[in-house]
Amino acid sequence: SLGGTGYRWKDLYLSGGVYLGGTGAANKLDDVESGTFTPNLTGTGGAFSGATYDTQAGAYTKIGNTVTIHVNLSASVVNGGSGALAVGNLPFTIVGACGASVGYISGLNYDGGTYNQIGLYAGNSGGTRLIFTRSGDNAAAQEVTIGEFTSSFNVVFSCTYKI
């Protein structure tokens, strides 16, 4: 045992990681990172030729092969683009699914009666973008198209995914 009630360590610097709860490889914590990134809006069929952003804030925490991102993105003018609406320029390539939680969204012109839920998913090939989807109680999920984007768009969301 190191330290005690009256004798605590202030800082601990390790060069090879630390084992938590056992000595096996699965118990080794050796890769923790956090930082920021600049998310952008894009289309799955073609990138935007221009955009005016009011806010482009992204933060991430990476622990091993798991990344959690937080995004606050707003744009007032977007030109060009095709396909489905997506958030791009994520800090790490997604492998598999992404569990996204949309905290706030505005600026989409879609049938809110039938489609009352908005989500994000990584698409069939993963990558470094998340595609917006809409769904409802009796409606299957569909990708939100660029045509459903209005002149002012805001979204705040979090997502945890594997890399």
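The values are calculated or read from the model by the stated rules, or taken from the named source; none is laboratory data. Given the structure is predicted, the values throughout are model-derived calculations rather than measurements. Positions of Cβ are generated from backbone atoms using ideal geometry, with glycine treated the same way; all protein chains shown enter the neighbour counts. The accessibility values were calculated without ligands, DNA or RNA, using every heavy atom of the protein model including side chains. Shrake-Rupley method; radii C 1.70, N 1.55, O 1.52, S 1.80 Å.
Once region 92-107 is narrowed to residues that are open to solvent by 30 Å² or more (accessible area, probe 1.4 Å) and among the aliphatic types (A, V, I, L, M), the residue that is nearest to Val155 (Cα to Cα) is Ile105. Scanning region 37-59 for residues that are under 12 Å from the mean Cα position of the chain (by Cα) and either modelled with pLDDT under 95 or in a strand (DSSP E or B) (or both) returns Phe37, Asn40, Ala57, Gly58, Ala59.
You will find that of Asn89, Asn79, the residue that is under 19 Å from Leu41 (Cβ atoms), surrounded by fewer than 21 Cβ atoms within 10 Å (Cβ to Cβ), at pLDDT 90 or above and not acidic (Asp, Glu) is Asn89 and no other. When region 69-90 is examined, which residues are found to be within 13 Å of Thr36 (Cβ to Cβ) and β-branched (Val, Ile, Thr)? If the condition is that a residue be within 13 Å of Thr36 (Cβ to Cβ) and β-branched (Val, Ile, Thr), then Ile69, Val71 are the ones that fit.
Selection of region 130-156 for residues being closer than 16 Å to Ser74 by Cα and in a loop (DSSP other than H, G, I, E, B) yields an empty set. Taken over region 108-129, the criterion of being within 13 Å of Val87 (Cβ to Cβ), open to solvent by 40 Å² or more (accessible area, probe 1.4 Å) and either in a loop (DSSP other than H, G, I, E, B) or in contact with a helix residue (DSSP H, G or I) (Cβ under 6 Å, 6 or more places away or on another chain) (or both) is satisfied by Thr128, Arg129. Filtering region 1-32 to residues that are part of a strand (DSSP E or B) and surrounded by 12 or more Cβ atoms within 10 Å (Cβ to Cβ) leaves Tyr19, Lys28, Leu29.
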